[in-house]
Each structure stands twice: as C-alpha cells, then as structure tokens.
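Visitor: What follows is a single structure, and I will ask about it in a moment.
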Amino acid sequence: MVDDNGHVLSRAQCPTDAERGYKEAFARIEQMLRGTFHVAGEKITGIGIGSTGPIDPFTGEFGEVNFFPAWRGENPVNDLSRTFQVTAAMENDADAAALAEAGWGAGRNKKRLIYITVGTGIGAGVIFDGHLYRGVDGAHPEIGHCLIDASGPPCSCGFHGCWESLAAGPAMVAWFESQMPKDYPHAAHLTAKRICELAGEGDTLAQQAVDREARYLGLGLANLITLFTPDAIVLGGSVMKSAVLFLETIRKTISGACRYVPFEKTELALASLGEDANLIGAARVWHHRFNPEGGSRA
Ligand SMILES: [Zn+2]
C-alpha cells in the first residue's frame, strides 16, 4: 500500500507459485491486499500492477508470459476491480518502475527520461513529458534486445548478441565461467553480485569481468543516447547496485561513441527508490492511468 506521495505504508509478499494456477494465486493476492489495507489503516483508491510481460496494458490481460504459461488470457485488472470496487491498471514491470522513478524518484522533473533495469534481464521504460512511450497496440519497447554484437551469444529474441545476452547478470556469470581456470577457488555460487565483490577484493579475472560488463553497459547506453539524447537515464536493478564499479568505463564508452549529439547533457542517475521500486511503480501505474494530477507530477 502506497500513499499519494509514493511512500510505502504497508507491504506483503509471497512467491508466485504459478503452477498452482491463477485462481489460487488470485485468492492469495486478494488475501494479501486485505491484510495490507488493514495494517495501513487506510481505504484504497485504486490498484496498480507491474507484471513481467507480455501483457496488454489496455485490456489488463496476460499474454504468453514465460513465467506463468497457464495464466494466458487471465485478467487480474478486471478481477481486482470487481473484487475491490475500485479502478485498476496494469503495465509491464519495467514501465512501472520507470513511472515510479519519473514521478517520485531520481527522474523527477526530467522531460525526457529512460529507465534501465539490469538484473536477470535488461528492461527499460521510456517516458516523454510524463507519458509512457508505447508502440503499436500498446507494445512495450524491448530495449534490452537491441543489437550490440552480431557475433555474440544467441538469445530467445532471435538475435545473436543483443544487449541483454551480453550485459545482464547471467551473461556476466556465463562469461566468467567460460574464462575461469579449473582450479578457480571461488567457483561455487557465482552471481553478478559475487563477481563484483571478488573484483573489489582484487581478483584479476573478476576485474576483467567487471570491465567487460561496464563496456557492454556503456555500448547499450551510448546507443540510447545517440538515438534519443534524453535529459536523464535512470539506472536500476540488482546489477546496478554495483554501479560505482562500472560508471567510469560507461562514461568513457559514451564519450567515445556519441559525438554527434550533446551526450554530456544526458544525466546518468542511479535509481532512488531501491528495493521498493517495483512496488511503488505499481502504485504509480494507477496514478499514470487514472490520476495524472495526483502525487508529484511525472
Ligand atoms: Zn535478445
């Protein structure tokens, strides 16, 4: 539960357990929502949802979502508004976090804003003048799948060497594992976060992995700056928690690649809403759809 200024009043979470079916999941969602209203001691004015996609933001229907194959065609927007007698809205989760940073976070008062989240994948939301950019039929732009190196690894999108396949957290781990010697002492439980820690401890291979990651992050961001030259790009997601290790190389890559646009005017900002970005983003989805004057302006 989030108030009109983007502050979290109460929260609850549980695993999706998609295989138990939509009906059962909906019952759990309903129960958790009632619990959070009770804890916050407030009445709700609306419900916002940020979901992994593809989803239809206008009908509220799930498409062919990888993580919930059996939920295709289900409509939590209709079901929640009927159950709670309020308006509800759903957006792609990266768009939701972008709306939150634009309205209540690091992207406030930026006319042209791109939000990038780097974690298990690379997601993005594009916001111009407070409005979410959408493609045909409400399509969400899949910026994480723009091409960086056509000779790179294959991706489910159809490309070889798209940004996500080179620079998301799992790509960092895959590259590291392909390079590490057989007797490497820290081989167990490698994650992007762990590699960044090892780099901080002076591990040479981990430092190479960090340099490589920073270079690929920089190439993707340089593309965005050349294409859009936005006022700001806000960087979020679990991998960006280690942004301090990447920023110098990212800036160097951008300044070496974006000479036809005033690249130095695009501010690189770190996401400011932290762990709650997705939750606050879900609330902002509702404001963006039904109450554009509410809260701080996006
Ligand atoms: Zn891809």
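The values are calculated or read from the model by the stated rules, or taken from the named source; none is laboratory data. If you're wondering where the values come from, they're calculated on a predicted model, not measured in any experiment. Glycine gets a Cβ as well: all are built from the backbone with ideal geometry, and neighbour counts include every protein chain shown. We work out accessible area using only protein heavy atoms, side chains counted, and drop any ligands, DNA or RNA first. Shrake-Rupley method; radii C 1.70, N 1.55, O 1.52, S 1.80 Å.
Visitor: Look at Ser165 and say whether it is among the polar types (S, T, N, Q), within 16 Å of the ligand (Cβ to nearest atom) and over 27 Å from Gln207 (Cβ atoms).
Guide: Against the criterion (among the polar types (S, T, N, Q), within 16 Å of the ligand (Cβ to nearest atom) and over 27 Å from Gln207 (Cβ atoms)), Ser165 does not qualify.
Visitor: Let me spell it out: the conditions are (1) open to solvent by 20 Å² or more (accessible area, probe 1.4 Å); (2) touching an Asp or Glu at 6+ places or on another chain (Cβ under 9 Å), and Met172 meets all of them except one. Which number is the exception?
Guide: Result: Met172 passes all but (1).
Visitor: Please name all residue pairs, on different chains or six or more residues apart, with Cβ atoms under 7 Å, provided the first residue is in the stretch 158-185 and is closer than 13 Å to Glu213 by Cβ and at pLDDT 95 or above and the second residue is more than 16 Å from the ligand (Cβ to nearest atom) and among the polar types (S, T, N, Q).
Guide: Gly169/Thr191; Gly169/Ser238; Val173/Thr191
Visitor: Going through the stretch 232-262 one residue at a time, which ones are closer than 22 Å to Thr117 by Cβ, part of a helix (DSSP H, G or I) and open to solvent by 50 Å² or more (accessible area, probe 1.4 Å)?
Guide: Lys241, Val244, Leu245, Glu248, Arg251, listed by residue number.
Visitor: What number goes with the only condition from (1) loosely packed, with under 14 Cβ neighbours inside 10 Å; (2) among the acidic types (Asp, Glu); (3) within 16 Å of the ligand (Cβ to nearest atom) that Glu177 does not pass?
Guide: (3)
Visitor: When you scan the stretch 161-221 for helices (runs of 4 or more DSSP H) that lie fully inside it, which ones turn up with 1 or more residues that are basic (Lys, Arg) and over 21 Å from Asp149 (Cβ atoms)?
Guide: It comes to 192-200.
Visitor: When only residues in the stretch 117-142 that are within 16 Å of the ligand (Cβ to nearest atom), open to solvent by less than 20 Å² (accessible area, probe 1.4 Å) and β-branched (Val, Ile, Thr) count, which is nearest to Met240 (Cα to Cα)?
Guide: Ranking the candidates gives Val118 first.
Visitor: Next up: With respect to Ile55, is the statement that it is at pLDDT 95 or above, among the β-branched types (Val, Ile, Thr), under 19 Å from Trp286 (Cα atoms) and surrounded by 13 or more Cβ atoms within 10 Å (Cβ to Cβ) true?
Guide: For Ile55, the condition - at pLDDT 95 or above, among the β-branched types (Val, Ile, Thr), under 19 Å from Trp286 (Cα atoms) and surrounded by 13 or more Cβ atoms within 10 Å (Cβ to Cβ) - is not met.
Visitor: Which members of the stretch 95-116 meet the condition of being among the hydrophobic types (A, V, I, L, M, F, W, C) and open to solvent by 10 Å² or more (accessible area, probe 1.4 Å)?
Guide: Initially, the stretch 95-116 is screened for residues among the hydrophobic types (A, V, I, L, M, F, W, C), giving 96-100, 102, 104, 106, 113-114, 116.
If the condition is that a residue be among the hydrophobic types (A, V, I, L, M, F, W, C) and open to solvent by 10 Å² or more (accessible area, probe 1.4 Å), then Trp104, Ala106 are the ones that fit.
Visitor: Also, quick follow-up: Going by the conditions given, is Asp203 closer than 20 Å to Thr120 by Cβ and either within 17 Å of the chain's Cα centre (by Cα) or crowded, with 16+ Cβ neighbours inside 10 Å (or both)? Explain how you work it out, then say what you get.
Guide: Details: closer than 20 Å to Thr120 by Cβ: no; either within 17 Å of the chain's Cα centre (by Cα) or crowded, with 16+ Cβ neighbours inside 10 Å (or both): yes.
Spelling it out, it is not the case that Asp203 is closer than 20 Å to Thr120 by Cβ and either within 17 Å of the chain's Cα centre (by Cα) or crowded, with 16+ Cβ neighbours inside 10 Å (or both).
Visitor: Residue by residue through the stretch 149-160, note down the ones that are assigned to a loop (DSSP other than H, G, I, E, B) and either open to solvent by 40 Å² or more (accessible area, probe 1.4 Å) or more than 14 Å from the ligand (Cβ to nearest atom) (or both).
Guide: Asp149, Ala150, Ser151, Pro153, Ser156, Cys157, Gly158, Phe159
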